[in-house]
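Q: Here's a structure for you.
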Amino acid sequence: MPEINVTPLGAGQDVGRSCILVSIGGKNIMLDCGMHMGYNDDRRFPDFSYITQNGRLTDFLDCVIISHFHLDHCGALPYMSEMVGYDGPIYMTHPTKAICPILLEDFRKITVDKKGETNFFTSQMIKDCMKKVVPLNLHQTVQVDDELEIKAYYAGHVLGAAMVHIKVGSESVVYTVSRNKHAATAWIDKCRPDILISESTYATTIRDSKRCRERDFLKKVHESIERGGKVLIPVFALGRAQELCILLETFWERMNLKAPIYFSTGLTEKANHYYKLFITWTNQKIRKTFVQRNMFEFKHIKAFDRSYADNPGPMLIGKFKRQCSVIMPGYCVQGTIGHKILNGQRKLEMEGRATLDVKLQVEYMSFSAHADAKGIMQLIRMAEPRNMLLVHGEAVKMEFLKGKIEQEFNCYMPANGETATITTNPSVPVDISLSLLKREMALGGSLPDPKKPRTMHGTLIMKENSLKLVSSEQALKELGLNEHQLRFTCRVQLQDPHSDPDTLHRIYTHLKSVLKGYTIQHLPDGTVMVESIVIKVSSSAEDSNAKVLLLSWSYQDEDLGSFLSTLLKKGLPSGLC
Amino acid sequence: MKLYCLSGHPTLPCNVLKFKSTTIMLDCGLDTTSVLNFLPLPLVHSPRLSKLPGWVSKDGTINLEKELKDCAGRVFVDSQPEFCLPERELLDLSTIDVILISNYHCMMALPYITEHTGFTGTVYATEPTLQIGRLLMEEVVNFMERVPKAQSATCWKNKEIQRMLPGPLKDAVDVWTWKRCYSMQEVNSALSKVQLVGYSQKVELFGAVQVSPLSSGYSLGSSNWIIQSHHEKVSYVSGSSLLTTHPQPMDQSSLKNSDVLILTGLTQMPTANPDGMLGEFCSNLAMTIRAGGNVLVPCYSSGVIYDLLECLYQFIESASLGTTPFYFISPVANSSLEFSQIFAEWLCHNKQTKVYLPEPPFPHAELIQTNKLKHYPSIHGDFSSEFRQPCVVFTGHPSLRFGDVVHFMELWGKSSLNTIIFTEPDFSYLDALAPYQPLAMKCVYCPIDTRLNFHQVSKLLKEVQPLHVVCPEQYTQPPLTQSHRSDLMLELQPPPMPYRRCSVLNLPFRRRYERVYILPELANSLVPSEIKPGVSVATVSAVVHSKDNKHTLQSVPKPPPVAPSKKRKRVMDEPPVVMTPKPLLSGAVPLEAFLATLQKHGITEVKVEETADGHILHLQAEDTLIQLEEDGTHIVCDNNEPLRTTLRDLVLRFLQKL
């Protein structure tokens, strides 16, 4: 029985370092190759030794697919391709291909230049790694090889994020990292995959509408500013930053606010350029108006200079430390400072240095674009998967969602290094000769009748990799075989005091009454034919009442022939005219 | 499978393919060359055009003063310009299931087809094709509606009258089908029926066929289409290019193994080399500017203009044209320039890499930023106050019959310092200039057509090897003006099937196979047997389920068990219900082995008699004859059913069942 195996090397019952191995139809695919923000040791990267203990990555993997540019999904890529060693294709969308190397370089700088770690990937390795990337377009069906095909769908979440449909023969898997909250725009075919692999970061939350959250966020910002405080919003430079910028920009415009908004220089500025050039990858509303006004050209939002930090008066900053009020607009992975302060920790140990007292107000707002329970359920309705597999979530929270989903079908949540095996039951594609198919269609009448199924008979020829279904006659011809006729002739003794023609007629009448729905003919040459079975009568020379019936049929009429000979052996009923 | 050809214009095709119960329209080209028969639509009152004498036939019997005007020795229709539509009578357009668009130039007739014909299908196009196509339509509508013309000339179309008119009006064909431009409302309605597709996306149509666009290298988002089922493949090649300009390179390999390849949209300028033309364009431009004249470039608002601007970007400094203003005037100029920058994934590799930096892919962004290139929606408004001469103006429409270009013709035509440079290949430049004669301004003809030429296409066809090629008849003979150039036509074996407007072609291939799916339960129950090395067969009896043009085979449901009843002993009397017919047999029964088998089953007294075709075995104890021949076995026995079935099964052991 064919099966699909899914093994998380990272993100199995955990958040961070997404890396999932899928074996389907003899192909091995790695989905994402991320790093863990909460660790600084080996646990930072997925455990590739799971594969390398048996050989090289390139030999094992058919392709690697990166869903989006967040480091917990692509942060281990140069490590995997250049340090562990992988030379096969890596697929990602255009925006991801553009932005991914910048984030990787940023990550490398922090790790190597600031923290002074060695044994880490270099800038050159990032470049070499990106050379192995094949860009993906939305809805393009990419033939990785003759059998394996992948197709990317718009996922919302962040710029260039994609859901992927992976198909080998009639088996398929859908991998969705993160679902847009504008679920309507993140659409997928009713592709009925065998497994839907989904993130479950917000498994327990069913969040209120986006609009409410936005209003809340703006209210909190506004209150803080009114109090004369400063607001710090630690946020990824790409993705949510732009979303919040648009939100704040319009709010400032409407409320006529004067407090400056800054974003930390470097990445964010560059990021805004990417959003401008890849505007077709954002949502409908933004792209429709882009000719009149590009949403990513901000009036109130400026780049930040370090000297501004101690300026008196209210201000709003993205990605900066030590201010009056901090709003965490997204999920914080365990082990990070964000996670600690959100959990109420008031003393932070700074790396190697003194502790830091946290005095500012901490607010948490789920603005992250990760999927929540509602989004996942919506996706299930669209794609109609047969099984569900959850990754990238905390075990406890996953259980909750699993419970919800299992009311409908199987749900798996393997831990790292653990394999979930799903048996599939694919149908077998076969080429049927059109004449055979049309013959069957014609038999059934113009409209199919569900109560009277149309039965089709044919011969399946299996040659090399081809499966052809043809009529038996055609099969003989195609294979260059002679037909072998098998015939039976059966003598049946019968006492019947009539002349031979009369006996024959009596047989004809008898069979007519017994066999309904068969073609029975009384032919002028002194035979009766039932379908293609021939019946003849002769009488013996001594006793004209002792008749000998000769029944002759071919093997194709075996059932009927056998039945007739048994029937006639019993004699003819009296009272036949 | 049939092909209905609704347009005779080889580069603005409109064909309908009927394939496996689907009706697919391939492109929706609008032949705009008809507008050359009309007077230009001036943006501001033109005393010259308004004082033209009306036309009266020489003998004075036909007076069409109001409709026809004599201008520069030619007769023009004084009416809103009209377009020559694809044929609408050849088949019922409401039966069309889908329309596949290959590039934005080949969709201009869309509103005529999708509106007011009962069309209820879907249009498939790539995103750049849709967006830029919308801009081009919007531009034409805007050009027409800006200068409304009350009168609509129809009398001249009367067959009797048209016959009497001077050429080229006399020779214009199908003038009754010519139509005025559509409205913006019709454009919006037509475009709302478009569904976006990406390259290599597989789109299922009713489960019967699959269509898929491939990059064709000609313009932003331009595509060729593959229309295929599991066993048949039709390739539709329209406007393709192998030159390295801005679009993504052409995908050639996916065209391989086609049963039929429909070839349209080859270059209209087979003898003009685009690179050479580009060089000539630049040098003429520089020469005119240096002499203090203005340059007018009549062009479409998207397409080659991007390449022209890129070429100028490199050329400006070296030719010391740094201070010369370049103007791009069109109602959609801004949108076209902006849109070109956001389709990174549809661009060639070089331009894609720029976006990764991130930088705009086209250098015209820099030309705009440095104020070298300015764009305006029309000559009215800001342009009139900011305009400086000498300058270079890019504006439409290339037919010189409507749009802002008409104004510049009137303005600059009288001075020999100025130059008009034609770059678009769609119109004959002499015909385009006809109503403006006599002209003092210089005319330079540098048509840039990047589509495939005959040399490239024969190489391509050799590579992809389609079984049959269908093409417009124009491609099967050399051009009229160069009848000795046998290299300017398609020569193929077998020869291509030519079509013209209103042709209906029967495409030469027969469908033999169809894909069905055997459900796992049935598949598991099959018993294959090896007939020859590597070839196995299995007999299949199944129920066919057909839904949405997909067929599946399921196991035959078992008949419900007969309820035990008193009548049980009569069951034997019921005639057999044949669920499964017996398979066909093949092979031969070897005598020696068969005898041995008989012996094993206790049949020992066998008399063997040799005949012409084989042997007759007489089973003496049983009084039974078995006739063994190469291609047949005949068992003749008394009514001894157990014996007969035993013998039957013994014979079957030696035979293969199919």
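Throughout, read-outs are computed from the coordinates displayed, never taken from laboratory work. Treat the numbers as computed from the prediction; the structure is a model and nothing was measured. Positions of Cβ are generated from backbone atoms using ideal geometry, with glycine treated the same way; all protein chains shown enter the neighbour counts.
Q: Please list, by residue number, every one of the chymotrypsin sites (Phe, Trp or Tyr not before Pro) in region B:198-290 that is coil in DSSP and has at most 14 other beta-carbon atoms within 10 Å.
A: Answer by residue number: B:F206.
Q: Can you compute the modelled spin-label distance between B:L643 and B:M164, with each label point 7 Å from Cα toward Cβ, in nm?
A: 10.4
Q: Here's another thing I want to ask about it. Ignoring solvent entirely, what values of log10 I(q)/I(0) come out of the Debye formula for region B:585-657 at 0.12, 0.25 Å⁻¹ when each Cα is a single scatterer?
A: -0.28, -1.33
Q: Continuing with this model, one more query. Within the set of other residues whose C-beta is less than 13 Å from the C-beta of B:S336, count the net charge using Lys and Arg as +1 and Asp and Glu as -1.
A: Net charge around B:S336: -2.
Q: Ignore the peptide's own chain and count Cβ atoms of other chains within 10 Å of each Cβ in A:485-494; give me the average, rounded.
A: Whole-number average of other-chain Cβ neighbours for A:485-494 is 6.
Q: Taking GluC sites (Glu not before Pro) as exposed when DSSP calls them loop (any state but H, G, I, E, B) and at most 15 other Cβ atoms lie within 10 Å, what is the longest stretch of chain B free of them, the sites themselves excluded?
A: With GluC sites (Glu not before Pro) excluded where exposed in loops, chain B gives B:90-490 as its longest stretch.
Q: Right, another one. Return the lysines within reach of B:K51: Cα separation strictly under 17 angstrom, same-chain partners fewer than 8 residues apart disregarded; answer none if there are no such residues.
A: Candidates past the 8-residue exclusion: B:K66, B:K69, B:K149.
Q: Shifting gears a bit: Could you give the C-alpha radius of gyration of chain B expressed as a fraction of 2.2 N^0.38 Å, taking N as the number of residues it contains?
A: That ratio works out to 1.39.
Q: Taking 0.36 nm per residue of separation and subtracting the Cα-Cα distance, what length does fully extending A:D502 through A:D41 add?
A: 155.7 nm
Q: If you don't mind, there's one more thing I want to ask. Just grab the label-to-label distance for A:I380 and A:Q485, each label 7 Å out from Cα along the Cβ direction, in nm (one decimal).
A: For the pair A:I380/A:Q485, the computed spacing is 6.4 nm.
Q: From the convex hull of the Cα coordinates of region B:274-445, what is the mean projected area in square nanometres?
A: Orientation-averaged projected area of the Cα hull: 9.8 nm².
Q: Here's another thing I want to ask about it. Taking Cα pairs under 8 Å and at least six residues apart, what relative contact order does chain B come out at, in percent?
A: Relative contact order for chain B comes out at 13 percent.
Q: Counting only other chains, and only Cβ atoms inside 10 Å, what mean value do you get across the residues of B:514-525?
A: Per residue, the average neighbour count from other chains is 5.
Q: Further question: Stretch A:L523-A:V134 to full length: gain in nm at 0.36 nm per residue minus the Cα-Cα span?
A: 132.5 nm
Q: In percent, what relative contact order does region B:585-657 have, based on Cα pairs under 8 Å that are 6 or more apart in sequence?
A: Relative contact order of region B:585-657: 35 percent.
Q: Let's test the formula: R0 of 41 Å, r as the Cβ-Cβ distance of A:F409 and B:L196. What FRET efficiency results, to the nearest 0.05?
A: Efficiency at R0 = 41 Å is approximately 0.80.
Q: Positive end of the dipole of the protein assembly as shown, charges at C-beta (+1 Lys, Arg; -1 Asp, Glu), about the Cα centre: which of B:I420, B:H545, B:N640 has its Cα farthest in that direction?
A: Going by the Cα projections, it comes out as B:I420.
Q: OK, next. Semi-axes of the equivalent ellipsoid of region A:487-570: what are they in whole Å, largest first, if each equals the square root of 5 times a C-alpha gyration tensor eigenvalue?
A: 20, 14, 11
Q: Of A:V514, A:G526, A:L494, whose Cα points farthest to the positive end of the dipole of region A:479-526 (charges on the beta-carbon: +1 Lys, Arg; -1 Asp, Glu; origin at the Cα centre)?
A: A:V514
Q: Now for a separate question. Go through region B:73-88 residue by residue and turn each phi into a ³J(HN,Hα) via Karplus (6.51, -1.76, 1.60, θ = phi - 60°); whole Hz please, and just put x for glycine and proline.
A: x, 10, 9, 10, 7, 9, 6, 5, x, 10, 10, 8, 7, x, 4, 10
Q: Could I ask something else about it? Residues in region A:458-481 near a label at B:V535, defined as backbone nitrogen under 11 Å from the 7 Å Cα→Cβ point?
A: So the set is A:461-464, A:475-481.
Q: Additional query: So for the pair B:S318, B:R180, with labels modelled 7 Å out along Cα→Cβ, what separation do we get in nm?
A: So the two model labels end up 5.0 nm from each other.
Q: All other residues with a Cβ under 15 Å from the Cβ of B:C471 taken together, and with Lys, Arg as +1 and Asp, Glu as -1, what is their net charge?
A: It works out to a net charge of 0.
Q: Straight-line reach only, C-alpha to C-alpha below 25 angstrom: list the lysines that A:K27 could link to, leaving out same-chain residues fewer than 8 apart.
A: Straight-distance partners of A:K27: A:K97, A:K131, A:K132, A:K151, A:K167, A:K190, A:K463, B:K202.
Q: Further question on the same structure: Rounded, prolate or oblate: which one fits the protein assembly as shown, using the alpha carbon gyration tensor with axes a ≥ b ≥ c (rounded when a/c is under 1.5, else prolate when a/b beats b/c, else oblate)?
A: The shape class here is oblate.
Q: Just rank A:F251, A:F45, fewest to most, by other beta-carbon atoms within 10 angstrom.
A: Sorted ascending by nearby Cβ count, the order is A:F251, A:F45.
Q: Here's a follow-up. If you restrict to DSSP beta bridges whose two residues both lie in the protein assembly as shown, what percentage is antiparallel, to the nearest 5?
A: 60
Q: Moving on. So if I average 1/r over every pair of distinct C-alpha atoms in region B:139-190 and take the inverse, what Kirkwood radius in Å does that give?
A: It works out to 13.1 Å.
Q: Run the dipole for chain B about the Cα centre, Lys and Arg Cβ at +1, Asp and Glu Cβ at -1, nothing else charged, and hand back the magnitude in debye, nearest 20.
A: Result for chain B is approximately 920 debye, rounded to the nearest 20.
Q: A further question follows. For region B:274-445, with only Lys/Arg (+1) and Asp/Glu (-1) charged at the beta-carbon, what is the dipole magnitude about the Cα centre, in debye rounded to 20?
A: Dipole about the Cα centre, nearest 20: 420 debye.
Q: Please report the antiparallel percentage of DSSP beta bridges with both residues in chain B, rounded to the nearest 5.
A: Given both bridge residues lie in chain B, the antiparallel proportion sits at roughly 60 percent.
Q: How long are the semi-axes of the equivalent ellipsoid of region B:44-90, defined as square roots of 5 times the Cα gyration tensor eigenvalues? Whole Å, largest first.
A: The equivalent ellipsoid of region B:44-90 has semi-axes of 25, 18, 8 Å.
Q: Calculate, for A:V514 and B:A612, the FRET efficiency according to 1/(1 + (r/R0)^6) with r their C-beta to C-beta distance and R0 56 Å; round to the nearest 0.05.
A: Approximately 0.85, to the nearest 0.05.
Q: Can you tell me the FRET efficiency between A:Q493 and B:Q599 if r is taken as the Cβ-Cβ distance and R0 is 35 Å, rounded to the nearest 0.05?
A: After rounding, the FRET efficiency stands at 0.75.
Q: Going 7 Å from the Cα of A:T122 toward and past its Cβ, which residues in region A:56-81 have a backbone nitrogen under 17 Å from where you end up?
A: A:78-81, by backbone N distance to the label point.
Q: Of A:P2, B:L492, B:A440, whose Cα points farthest to the positive end of the dipole of the protein assembly as shown (charges on the beta-carbon: +1 Lys, Arg; -1 Asp, Glu; origin at the Cα centre)?
A: B:A440
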